[in-house]
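Peer 1: Before anything else, here's the structure in question.
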Amino acid sequence: MPEAKSPTLQQKSAPQKAMEKLGLLRDIDLALHIPLRYEDETRIVPIGSGREGDTLQCEGVVSECRIELRGRRQLIVRIEDDSESLLLRFLHFYPSHQKAMAVGTRLRVRGELRVGFFGREMVHPAFKAVDEDTPLAQSLTPVYPASAGLPQAYLRKAVAAVMKRAPLQELLPAGTVPRQLPPLREALEFLHHPPPSASLATLEDHSHPAWQRLKFEELLAQQLSQLQAQRERARLKAPALRGARGGLHEQLLDALPFGLTGAQQRVVEEIAQDLALPQPMHRLLQGDVGSGKTVVAALAAAVCMDAGWQCALMAPTEILAEQHFRKLVQWLEPLGIKVAWLTGSVKGKARQKMLDAVADGSAGLVVGTHAVIEDKVQFKQLGLAIVDEQHRFGVAQRLALRKKLETQASRGRGQSMEPHMLMMSATPIPRTLAMTYFADLAVSTIDELPPGRSPIVTKVFADTKRLEVIAKIADAVEQGRQVYWVCPLIEESETLDLKNATETHAELSAALAGHGVGLLHGRMPPAEKAAVMAEFSANRLSVLVATTVIEVGVDVPNASLMVIEHAERFGLSQLHQLRGRVGRGAVASVCVLLYTGPLSITGKDRLRAMAETTDGFEIARRDLDIRGPGEFMGARQSGAELLRFADLQEDAPLLKAARALAPQLLDQHPAAAQAQVTRWLGSKVEFLKA
Ligand code: ADP
Ligand code: MG
C-alpha cells in the first residue's frame with residue numbers, strides 16, 4: 001500500500017509559497033539564486049575596535065538587561081568584552097528576548113556600530129547566545145534576494161541543501177568554455193559560500209571569474225534560444241505575396257495627397273521584397289513619431305491584397321485603431337477595397353457582419369485592437385499581420401498574437417502557410433539589444449521626417465509656473481492654435497499628489513472662457529472618446545485635456561502646443577511619444593514639461609534628455625542608459641528579467657564568445673544545447689521568442 005501522506009505535508013508552507021513566487025521552483029533555480037551580498041561572520045572583533053557605521057561581529061557577556069519606559073519603550077541590553085561595553089537597543093521585542101539575553105549570558109551580536117551619547121551601540125543587531133567555544137562561520141554568510149515571508153535562514157538552508165544534492169553537471173563539452181573560467185559547480189560553490197579571503201570587491205562588481213562563468217553560461221543560453229527560434233522560423237512557409245492582380249500599390253501611391261520621403265520609399269521596397277518570399281517575414285519597422293509609418297503599412301497591405309490575401313492591422317488602443325480605420329477607408333475604399341472594423345466595442349449584428357466579411361474573404365483589410373486576433377475571428381486567408389506601436393502590446397499579448405497567427409495559418413498548395421508579420425514602433429531598439437534579443441528580426445528604419453515639419457522646442461518648468469503657462473496657452477488659443485494638456489491620472493490618489501484631469505479640465509475651461517476645452521480619459525466609453533477626438537481633429541475644440549490615452553499615434557497636425565503635467569512621473573520614451581503628438585504641421589511647436597520638485601536623479605536626467613534632443617534614437621539610447629535593458633524592454637512588469645547575471649555593455653567580450661560558440665554547439669551537440677537553454681532560461685524561453 002502506498003504510504004499515505006499527511007494532509008499537512010501536502011500543504012505548502014508560507015516560505016515555500018514565497019519561494020515559488022520568486023520563481024525558485026527547480027533545484028537549478030535555487031542553485032542560481034546568487035547572494036546579493038555577504039556578511040562576515042568568520043571573525044569576532046573587540047567592541048572597542050570598530051568605527052561608526054562599520055558592520056561588526058562582537059561577543060560579550062550581558063551585564064544589564066532592562067526595559068526602558070521613558071520616551072519610546074525599548075529593551076536595553078549591555079554586553080561587555082575585555083575592551084569595552086556595547087549597548088544594544090531593541091524597539092520591537094518580546095518577553096523571549098529578555099530571557100534569551102538575561103544577565104550573565106554570552107552573546108554574539110552583529111550589526112552596525114553607532115557611536116552616540118551613551119557610547120557605543122547597535123540598534124536591532126542580530127544576536128545569539130553562545131558558549132566560549134561556539135564555532136565561527138567558515139565562509140562568508142550569503143544574504144539572498146528574499147521577500148516578505150521568506151526568512152534568510154530558510155533560504156540559506158534550501159540553497160545549501162540543493163548545492164549538496166543537485167548534480168550541477170557541466171553541460172558544455174570540454175574545450176568550449178573560455179579557459180580562464182572555473183567549472184560551473186566550483187563557481188556556484190564559491191558564490192554561495194566564499195572563503196573569508198575572497199575579494200568582496202570583485203564579488204560585488206561581478207568581475208570575479210565565478211561571476212564571469214555564470215554570465216557566460218547565461219549569454220550562451222540566450223544566444224542558443226535566439227538561434228533556435230531563427231532556425232524554426234526559417235522552416236516555416238508563407239505565401240509569396242507578389243502583385244498578381246496588379247496596380248493596387250501604384251494606385252494608392254497616386255491617390256496619396258503627398259509623395260513618399262526617400263526613407264519611406266526605401267522601407268516600402270524592403271518590405272515588398274520580404275513579402276515576395278515564401279518564408280514568413282518577421283520585420284520591425286522603426287521610425288520616430290511622425291515619420292509616417294501608417295502609409296508604409298497601407299502600402300504593404302496593398303501589396304498583400306493585390307496578391308489576393310487578407311491583411312490585419314492591429315493597434316493597442318481603440319482611439320488609435322479608429323484613427324487608422326478612418327484613414328485607411330479614406331485611402332483604400334475608393335480603390336475598391338473593403339475595410340472591416342473590429343474592436344471590443346463593435347457588438348451584435350454589426351460584429352457578426354464584420355466577422356462574416358472576414359471569414360468569406362470579402363474584407364481585404366481588417367483594422368482593430370487586439371480583438372482582431374480573438375478566437376472567434378477566422379480569416380479566409382490571412383497573408384500579412386501588421387502590429388502598430390508594438391512596444392505597447394504587453395508580453396502576454398505578443399505571445400497570444402504569435403499563437404493566434406499560427407492558428408490562422410492557411411492551407412495553400414497542400415501546405416500550412418504562416419502569415420507575414422510587420423511590427424511598427426516609434427521606440428527604436430538600440431543596436432546591442434537588437435543583436436542580442438532580436439537576432440532573427442529584420443529591421444527597417446525610417447530615418448527622415450516628411451518635409452515641412454518645424455522642430456519642437458521643449459521647455460522645462462517647475463509647477464510653480466503653472467499659472468503663467470495657462471496664460472501663455474490662452475494667448476496661443478487666441479491665435480487659433482490647438483493645445484494638448486496631458487495629466488497623469490484620472491483619480492485623486494492619496495499617495496500620489498497628482499492633478500486630477502477633471503479638475504484641470506474645469507480650471508482650463510474657466511481660464512479659457514469662450515474656447516472649447518475637451519476632456520479625454522481612459523475611463524470614458526469608446527464612443528465618447530471617439531467623439532471628443534473627432535471634435536478636436538475638426539478644430540471645434542481648442543484644448544484637449546487628456547490622460548495618457550493620447551500617448552500612442554494620435555495625429556492632429558494643427559495641434560502645436562503641449563503641456564505635460566508631472567512630467568517627472570513619466571518614462572523617457574513615454575514623454576517622447578507624447579511630445580510626438582505636436583510638431584506635425586508647419587507651425588513651430590512647443591512642448592512644456594511641468595514638474596513637481598524635488599526631482600530624483602533619474603527624473604532630472606529624463607527631463608534634461610527631453611530638453612536636449614528630439615531625436616527618438618538618441619532618446620532610446622539615453623533611456624537604455626537610465627533604465628537598463630530589462631526594464632527598457634518592458635520585461636520587468638512581466639516578471640521575466642531578461643538577463644539576470646550578464647550586462648550587455650560590460651560583458652561584451654563574453655557575449656562575443658557566446659555568440660561564436662552558439663551555432664557550433666547547436667550543430668554538433670544539439671542535446672547539450674537544449675539542456676543549456678532549459679537550465680538557464682526555463683520558463684523565459686517563450687518570452688524571448690515573442
Ligand atoms: P507615425 O510614424 O508616428 O505613425 P503617421 O503615420 O501618423 O506617423 O504620420 C504622421 C503624419 O505625416 C500624418 O499626418 C501623415 O499623413 C503625414 N505623412 C506621412 N508621410 C508623409 C509624407 N511623405 N509627406 C507628407 N506628409 C506625410
Ligand atoms: Mg503611428
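Peer 1: Give the number of residues within region 185-207 that are surrounded by 17 or more Cβ atoms within 10 Å (Cβ to Cβ) and under 21 Å from A160 (Cα atoms).
Peer 2: The initial filter retains those residues of region 185-207 that are surrounded by 17 or more Cβ atoms within 10 Å (Cβ to Cβ), namely 187-194, 198, 203, 206.
Checking the rest, the ones that are also under 21 Å from A160 (Cα atoms) come to 187-194, 198, 203.
Summing the residues that are surrounded by 17 or more Cβ atoms within 10 Å (Cβ to Cβ) and under 21 Å from A160 (Cα atoms) in region 185-207 gives 10.
Peer 1: When you look at T613, is it at negative phi and surrounded by fewer than 17 Cβ atoms within 10 Å (Cβ to Cβ), yes or no?
Peer 2: Values: at negative phi: yes; surrounded by fewer than 17 Cβ atoms within 10 Å (Cβ to Cβ): yes.
In short, yes.
Peer 1: Would you say L642 is modelled with pLDDT of 90 or more and crowded, with 20+ Cβ neighbours inside 10 Å?
Peer 2: Working: modelled with pLDDT of 90 or more: no; crowded, with 20+ Cβ neighbours inside 10 Å: yes.
Considered against the rule, which asks whether it is modelled with pLDDT of 90 or more and crowded, with 20+ Cβ neighbours inside 10 Å, L642 comes out as no.
Peer 1: Quick one: L624 ticks every box in (1) assigned to a helix (DSSP H, G or I); (2) buried (at least 17 other Cβ atoms within 10 Å of the Cβ); (3) modelled with pLDDT of 80 or more bar one, so which box is it?
Peer 2: Of the numbered conditions (1) assigned to a helix (DSSP H, G or I); (2) buried (at least 17 other Cβ atoms within 10 Å of the Cβ); (3) modelled with pLDDT of 80 or more, the odd one out for L624 is (3).
Peer 1: Test each condition in (1) touching a residue at least 12 places away in the same chain (Cβ under 8 Å); (2) more than 14 Å from G60 (Cβ to Cβ) for K164 and report the one that comes out false.
Peer 2: (1)
Peer 1: For the condition basic (K, R), over 30 Å from L184 (Cβ atoms) and in contact (Cβ under 8 Å) with a residue 40 or more places away in the chain, what is the one hit in R26, R78, R72, R51? Before the answer, list the steps.
Peer 2: Working: R26 fails: over 30 Å from L184 (Cβ atoms); R78 fails: in contact (Cβ under 8 Å) with a residue 40 or more places away in the chain; R72 fails: in contact (Cβ under 8 Å) with a residue 40 or more places away in the chain.
Only one candidate qualifies: R51.
Each row is one residue, and each column tells you yes or no for (1) assigned by TED's automatic domain parsing to the domain that holds V303; (2) modelled with pLDDT under 75; (3) open to solvent by less than 40 Å² (accessible area, probe 1.4 Å).
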| position | (1), (2), (3) |
| --- | --- |
| Q381 | yes, no, no |
| A385 | yes, no, yes |
| A396 | yes, yes, no |
| A409 | yes, yes, yes |
| Q415 | yes, yes, no |
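A quick yes/no check of all residues on (1) outside the structural domain of Q330 (by TED's automatic domain parsing); (2) within 16 Å of ligand 2 (Cβ to nearest atom); (3) within 29 Å of the chain's Cα centre (by Cα); (4) farther than 26 Å from L405 by Cβ:
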{"site": "T261", "(1), (2), (3), (4)": "no, yes, no, yes"}
{"site": "V267", "(1), (2), (3), (4)": "no, yes, yes, no"}
{"site": "A272", "(1), (2), (3), (4)": "no, no, no, no"}
{"site": "L277", "(1), (2), (3), (4)": "no, no, no, no"}
{"site": "H282", "(1), (2), (3), (4)": "no, no, yes, no"}
{"site": "V289", "(1), (2), (3), (4)": "no, yes, yes, yes"}
{"site": "K293", "(1), (2), (3), (4)": "no, yes, yes, no"}
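Peer 1: Can you tell me which of (1) in the same structural domain as L328 (by TED's automatic domain parsing); (2) more than 16 Å from ligand 1 (Cβ to nearest atom) is the one L220 doesn't meet?
Peer 2: (1)
Peer 1: Within region 272-359, which helices (runs of 4 or more DSSP H) (wholly inside it) include 2 or more residues that are more than 27 Å from R584 (Cβ to Cβ)? Let's see the steps before the verdict.
Peer 2: On the way: elements: 293-306, 318-332, 348-359.
Result: 293-306, 348-359.
Peer 1: Here's another thing I want to ask about it. For the list (1) in contact with a helix residue (DSSP H, G or I) (Cβ under 6 Å, 6 or more places away or on another chain); (2) assigned to a loop (DSSP other than H, G, I, E, B), I need the number of the one condition that R213 fails.
Peer 2: (2)
Peer 1: Just to be sure before I move on: is A153 surrounded by 14 or more Cβ atoms within 10 Å (Cβ to Cβ) and either over 37 Å from the mean Cα position of the chain (by Cα) or not in a strand (DSSP E or B) (or both) in the structure I sent? Steps first, answer last, please.
Peer 2: Working: surrounded by 14 or more Cβ atoms within 10 Å (Cβ to Cβ): no; either over 37 Å from the mean Cα position of the chain (by Cα) or not in a strand (DSSP E or B) (or both): yes.
No; evaluated as a whole, the condition is false for this residue.
The values are calculated or read from the model by the stated rules, or taken from the named source; none is laboratory data. What you see is a predicted model; the values in this text were computed from it and never measured. Neighbour counts are summed over all protein chains in view; Cβ atoms, including those assigned to glycine, are modelled from backbone coordinates with ideal geometry. For accessibility, only protein heavy atoms count, side chains too; no ligands or nucleic acids. Shrake-Rupley method; radii C 1.70, N 1.55, O 1.52, S 1.80 Å.
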